[in-house]
1. Which value in deg cm²/dmol, rounded to the nearest 500, describes the helix-derived mean residue ellipticity at 222 nm for the chain, given -39,500 (n - 2.57) per DSSP H run of n ≥ 4 and division by the residue count?
2. Stretched out fully, how many nm does the piece from His253 to Asp71 gain, at 0.36 nm a residue minus the Cα gap?
3. How high is the FRET efficiency between Phe164 and Ala104 when r is their beta carbon distance and R₀ equals 51 Å, given to the nearest 0.05?
4. Just how large is the dipole of segment 202-344 about the Cα centre, in debye to the nearest 20, putting +1 at every Lys and Arg Cβ and -1 at every Asp and Glu Cβ?
5. Ignoring any ligand, DNA or RNA, what whole percent of the accessible area of the chain comes from carbon and sulfur when the probe is 1.4 angstrom?
6. What cysteines in the chain have no other cysteine with a beta carbon less than 4.7 Å from their beta carbon?
7. What percent do you get for the relative contact order of the chain when only Cα pairs under 8 Å and 6+ apart count?
8. Past the 26 Å Cα-Cα mark, which pairs from Lys105/Lys342; Lys41/Lys61; Lys105/Lys324; Lys40/Lys61; Lys81/Lys105?
Amino acid sequence: MSEISMKERLDAIVCKAMDNMQKVTTLDALNEIRVGVLGKKGELKEVMKGMKDVAPEDRPKVGQLVNEARDRIEARLAEVKAEIEAAQLEMRLAEETIDVTLPAKKAEIGHRHPNTIALEELERIFVGMGYEVIEGPEVEYDEYNFTKLNIPANHPAKDEQDTFYINKEIVLRTQTSPVQARRMEQGNLPIRMISPGRVFRSDEVDATHSPSFHQVEGLVIDKNITFADLKGTLETFAKEIFGPETKTKFRPHHFPFTEPSAEMDVSCFKCGGTGCRFCKGEGWIEILGCGMVHPHVLEMCGIDPEEYVGFAFGVGLERIALLKYEIDDMRLLYENDARFLKQF
Ligand code: DAH
């Protein structure tokens, strides 16, 4: 093959490649052209194969022509590649225009529930007085929920109207008090504990009732504990949670697992005790149940009542949250409406 016809063949290849490159709009299509001309089985390689038919003296010249053709095609490939990339960037920028005057999309971060805030406050107060925080099971034996707490078989609380029974022996706990019995059985005295958790009662939902709510149980067992310790502790708690002006009042009451038992009222932190709508004109608000642990309960839980005494108390967590944040309907606590929750 002569130098002239080689040159014609190369010109034809370059021409066709240039033509094709004129039409492409994507990088993939451009790459196909590159492979078709410069690749291992490309058109230029085919031309190189024909070198053996070229007269030896013409070979350097033809080799140079092939190199020139390759250089021209490569240069154009690079140009077209840059053009396509620029066009694509242009398109993306046009598509992705950002209106900086639009209000930003805020990442919504969660918010602590009023119950959680009240619980953390309560835990802070008691942990500060040296109490441990422990948890007990929500599905509980009848024996722990009732029997070991001195609650007799015919007690009205055991009525199916009030208690959710799983079977004859297992209930959804109606109070956190069974954690007292579980802790006392472990021994390891003295005890200073609080135990927060969910409790269940077969109640209809209304502004002050829910079939599932939360309590915080408290228990202290040691030698020489008196009712004065109970009063001092719960007074301190009331002042911490409702403010230093808060006064407390203990009214005699009955709980099967404490003797004597009492309910503690706090002076209304809204009117200071003179009587208002918030405290229904009473000046006082009932806040918790408490008492000295019944000797029979100590005995049933393996503690010698001649040596050890103690006091216990039970607080409704929702009650604290509702009072502290002046929420007038318990149902709001369970609806998870962010507009409500965000206020606390
Ligand atoms: N468990 C009682 C209830 O649910 C509250 C209570 C009262 C707990 C007196 C106590 C206590 O530990 O001493 O009504």
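The values are calculated or read from the model by the stated rules, or taken from the named source; none is laboratory data. All of these numbers come straight from a predicted model, not from anything done at the bench. Note: ideal-geometry Cβ built from the backbone for every residue, glycine included; neighbour counts use all protein chains shown. To get the accessible areas, we keep the full protein, side chains included, count just its heavy atoms, and leave off ligands, DNA and RNA. Shrake-Rupley method; radii C 1.70, N 1.55, O 1.52, S 1.80 Å.
1. -12500 deg cm²/dmol
2. 55.3 nm
3. Values: r = 47 Å, r/R0 = 0.93.
Efficiency computed from Cβ-Cβ geometry: 0.60.
4. Working: 14 positive and 24 negative charges, 143 e Å.
The calculation lands at about 680 debye.
5. About 51 percent, which is the carbon plus sulfur part of the accessible surface.
6. Cys15, Cys290, Cys301, each lacking another Cys Cβ under 4.7 Å.
7. Values: 508 pairs, mean separation 50.0, N = 344.
Here the relative contact order equals 15 percent.
8. From the list (Lys105/Lys342; Lys41/Lys61; Lys105/Lys324; Lys40/Lys61; Lys81/Lys105), the Cα-Cα distance tops 26 Å for Lys105/Lys324; Lys81/Lys105.
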